[in-house]
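Below is one structure, written out as structure tokens; the observations come after it.
Just so it is clear, none of the values below were taken in a lab; they were calculated from the coordinates. Just so you know, these numbers come straight off a predicted model, no measurement behind them. Neighbour counts run over all protein chains shown; Cβ positions are idealised from the backbone, glycine included.
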Amino acid sequence: MVYTPHTDDDRRVMLEAIGVGSLAELFTSVPEQHRFPKLDLPEALSEMDVLRELQTLSDLNLNANSVPTFLGAGAYRHWVPSVVDYVIGRGEFATAYTPYQAEVSQGTLQAIFEYQSLVCDLTGMDVANASHYDGATATAEAVIQAYNTFRKKRRKVLISPAVNPHYRAVVRTYTQGMDVQIAGDESIDTPPADLIDRVDSDTACVIVQNPNFLGQIEPLMGLADRIHARDPQTLLAVITNPISLGLLEPPGSFGADIVLGEGQPLGLGLNFGGPYLGFYATREAYVRQLAGRLVGQTIDAEGKPGYVMTLTTREQHIRRDKATSNICSNQGLMALAATVYLSVLGKHGLRQIAELNYHKAHYAATAIDALPGYSVLNRSPFFNEFVVLCPSPVARINAALLDSKPTPILGGYDLGHDFEGWEDRMLVAVTEMNSRAEIDAFVAALAAISVQERGEQ
Amino acid sequence: MSESLIYELSSPGRRGTPTPKLDVPEAELPAGLVREDLPLPEVSEIEVVRHFLRLSQLNYAIDKGIYPLGSCTMKYNPKINEVTARLPGFTGAHPHQPEGLAQGALRLMYELQEHLAKIGGFAGVTLQPAAGAQGELVGVLIMRAYHRARGDTQRDTILVPDSAHGTNPASTSMSGLRVVQIPSDKRGNVDLDALRSQVCDRVVGLMITNPNTLGLFEENIEEIVGIVHGCGGLVYGDGANMNALIGVVRPGDIGIDVMHYNLHKTFSTPHGGGGPGAGPVGVAAHLIDFLPDPVVVREGTDAEPHYRFHRPSQSIGRVRSFWGHFGILVRAYTYIRMHGSEGLRNVAEHAVLNANYLRCRVRDTYHVPYDRMCMHEFVAEGRISGTGSTAMDVSKRLIDYGVHPPTMYFPLIVHDALMIEPTETEPLRTVDAYAETLLRIAEEAVSDPALLHEAPHVAPVRRLDEVQAARTPVLRYRRQP
């Protein structure tokens, strides 16, 4: 059959050695009336035909890399250096598993050690784990870390309403069986400073996002101090965009206790939402509460340096129901992609990419803000995303943008999906991938749509 | 054979891959918010390529040879999967682009939900969970939500056999529930009397791995399901070992209410050095409304179907950003399309054939404590009687012979366990060679025990000091001041 290499002779030899007459006899412990059902699946295809079928499905999707795209809201179209896919495509990385046998897994282990180091340097933190599934689950793990830090005695978690709505939803899902109360995000008009007033001795952590979901750079300066003035132990977790850290002061230098985020911008494609990468860093003092895998440096029997998974007594395979989390794997290959991305861009390249995002976003915002009918709502500064108040519902504008000639334009995110009454607010993302010509075409199209909409009213 | 850290290759002022030019006017940078130091490496592109290529060569991988890690199903990862997953309409689709412009992706997800439901015998499937462990959390939260929706709020206990993966109890406690452990009996099955003594109206459900982590099919599975259902509880199937069952039996048919699939095990997606995998969850009809937000539904006509996301009415909520590990889903879908019904049964049959053949070849030398017909894997004791050699020694010595060791010291209920899962994609020649290597190592344990105890001798590094790693953790590179 497809990937089973056995010949008839092989099977005969093997069945004889086992002492049964047929493959079916291997399964006599399975209840007979349920054994060998016919599965109602489509007939098997050859490799050639399966590729044709998948090509057809692929062609039914808009490829956001092939058109001017201004859609972000948690997933971003960034340039991926060629080296990234070359490295993660190598079978030695892709077809290895968890480095349980360290002596034959030094490639994976050292790459994770480098990943942990790069995340620490990027975020300004002491220690990073080998990664979580994505930014949303990393946020939930921050809540659990804080909950465990206070031995489940502190019940309150304050989360900024300007945290990505998917992340806030996932935090609620993860904590539904815990004695935790998630609060602070009742109204989108609540700035982080107002959360501070609600911090008390029952507060496990405060979670903010910077730049926030609406693109705004939050005033983090002094936030940790003011939280700790109300309660010295409450943890501050900051969700951040890793590209922005090429330019902006990292949350670690503002006194954050946990820094985490979505690593997709670091060389991972859009892939319709996954697999992505949750990066996660904290302070040295909290290393025993950290979830997930950790790789550490050590020496071998001859004194040579090497790498192993370490501090595993936190983890599920040892601690079972007392583990810091149920997470077993990490996002190995995605963490490797981010490691290669940060290496091949390096100190200068990441700064340049971050600046390109910043300047292009501000160029686009200035031009859109000058259009009749549109206004940019962000108070400066923002990073590579901003909110535009539109003259008509975003859904209509986006539909018109997709009809643009000569090429469709993929407009920004419709904030009406998440915030009541915000159907006319568009979250626009601009990255290094948006050329000046693309931005100008987008602005011109918005202007034309505004005129057309006014004509129709 | 060691490789410098990427930081150690850094030289001040060196540039990597060039970045695009700025083609718009500069805006003023935000005062007081710009970082002064970005302490990333400064290396050239060729140095990066060589560094990671050399690192890759320090790894063992399926593409190099047999990788019989029990419970991990390290089967061949077909290369067509990598081609389909990289089609531009998949890699370039933005997760927020309008549903009308993502019909190919949504249709693939819908079909995969349907295929997995048919393979497992379930009424509905969520593709969202990022890994098996997250699938478990989803499954336990669904069971909890089901009871609460019925007003059965006193149920707070999950029963877990002692042979279970550590993620089962960990997922239970993350869901705010209590774990009660059920012992195994002499044949490696769940001890029915012990199970009967624990069922009551506080039981949310039982989490059962079948085949269990001894590689054995639970002989009393229908009775077990009956006992748990009898007290109003639900049965969760840990689908980690589904490779033994595809096309052989549908877990839903024997009364399993919820189960996760590991696409990176059974459905051949690459393990990636520890992820990303995917852990879809299948549920019986009475649990379908509790699935995570969202699932994909089909509307319209057969001639003109339309696919869209839908939030189930009593959903436990969103469990991750966006819609799942889509790139992994494409690979699993490809695998299922390459096989069809008979092809999948063929997979399970040969997985079980290879495991039993290897068991029979080594069992006179390595004691197999529950020695009956196994499924896709078996558990032997790694200690060699009459010598001081342990499962660790045997494993490390296997590395010297250029093959990957089995899972060791799991399950916990077998001393010095070696859990061996050859998978169906290994040719007879490779399985024979592995058996002969194991037998030779057993002889060496008698003739030259130090050879085992000091192994590996020919790996990139010798045995690593894990105690030191944990006692004085060095978890990141730090520049010398």
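Per-structure values
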{"quantity": "Separation of the B:GLU436 and A:ALA301 label points, Cα + 7 Å toward Cβ, nm", "calculated": "2.6 nm"}
{"quantity": "Radius 15 Å from Cβ of B:ASN243, net charge of other residues (Lys, Arg +1; Asp, Glu -1)", "calculated": "-2"}
{"quantity": "Full-extension gain in nm, A:ARG396 to A:ARG379, via 0.36 nm per residue minus C-alpha separation", "calculated": "3.5 nm"}
{"quantity": "Square roots of 5 times each gyration tensor eigenvalue, C-alpha, the range B:336-397, largest first, Å", "calculated": "31, 13, 7"}
{"quantity": "Cut-off 13 Å between beta-carbons: net charge of the residues surrounding A:MET334, Lys and Arg +1, Asp and Glu -1", "calculated": "-3"}
{"quantity": "Share of pairwise Cα separations in the protein assembly as shown, more than 46 Å, in percent", "calculated": "24 percent"}
{"quantity": "A:GLN209 long-range amide H proximity, modeled H, under 5 Å", "calculated": "A:ILE239"}
{"quantity": "Difference of contour (0.36 nm per residue) and Cα-Cα distance, B:ARG479 to B:HIS229", "calculated": "84.0 nm"}
{"quantity": "Reciprocal mean inverse distance between Cα atoms of the range B:80-339 - Kirkwood radius, Å", "calculated": "18.6 Å"}
{"quantity": "Proximal lysines relative to A:LYS153, as straight alpha-carbon distance under 25 Å, when same-chain residues fewer than 8 apart are discounted", "calculated": "A:LYS322"}
{"quantity": "Cα gyration tensor shape for the range B:348-467, rounded if a/c is under 1.5, else prolate or oblate", "calculated": "prolate"}
{"quantity": "Of A:LYS304/A:LYS347; A:LYS38/B:LYS75; B:LYS79/B:LYS265, pairs whose Cα-Cα distance is over 20 Å", "calculated": "A:LYS304/A:LYS347; A:LYS38/B:LYS75"}
{"quantity": "Using alpha-carbon coordinates, inclination of helix A:436-456 to the longest axis of chain A, degrees", "calculated": "60 degrees"}
{"quantity": "Using alpha-carbon coordinates, inclination of helix A:8-18 to the longest axis of chain A, degrees", "calculated": "70 degrees"}
{"quantity": "Other protein chain Cβ atoms within 10 Å, averaged over every residue that makes up A:331-337", "calculated": "6"}
{"quantity": "Cross-link reach list, lysines versus A:LYS405, counting only Cα pairs under 28 Å and skipping chain neighbours closer than eight places", "calculated": "A:LYS360, B:LYS21"}
{"quantity": "Euclidean distance of C-alpha centroids, the range B:118-191 and the range B:314-335, integer Å", "calculated": "20 Å"}
{"quantity": "Chain A: angle of helix A:165-174 to the longest principal axis, Cα-based, in degrees nearest 10", "calculated": "40 degrees"}
{"quantity": "Spin-label pair A:ASP369/A:SER435, simplified geometry with 7 Å Cα→Cβ offset, distance in nm", "calculated": "2.7 nm"}
{"quantity": "Taking the convex hull of Cα positions in the range A:346-456, its mean projected area over all directions (nm²)", "calculated": "7.5 nm²"}
{"quantity": "Stretchable slack from B:ARG429 to B:VAL458, in nm (0.36 nm times residue separation minus alpha-carbon distance)", "calculated": "8.1 nm"}
{"quantity": "Approximate shape of chain B as ellipsoid semi-axes (Cα gyration tensor, √5λ), whole Å, largest first", "calculated": "37, 36, 23"}
{"quantity": "Positive minus negative residues near B:TYR335 (Lys, Arg vs Asp, Glu; Cβ under 12 Å)", "calculated": "+3"}
{"quantity": "Chain A shape via C-alpha gyration tensor axes, a/c threshold 1.5", "calculated": "oblate"}
{"quantity": "Helix-only [θ]222 nm of the protein assembly as shown, DSSP H runs n ≥ 4, -39500 (n - 2.57) each, per residue, nearest 500", "calculated": "-11000 deg cm²/dmol"}
{"quantity": "Pair B:ASP156, A:GLU420: separation of 7 Å Cα→Cβ label points (nm)", "calculated": "3.5 nm"}
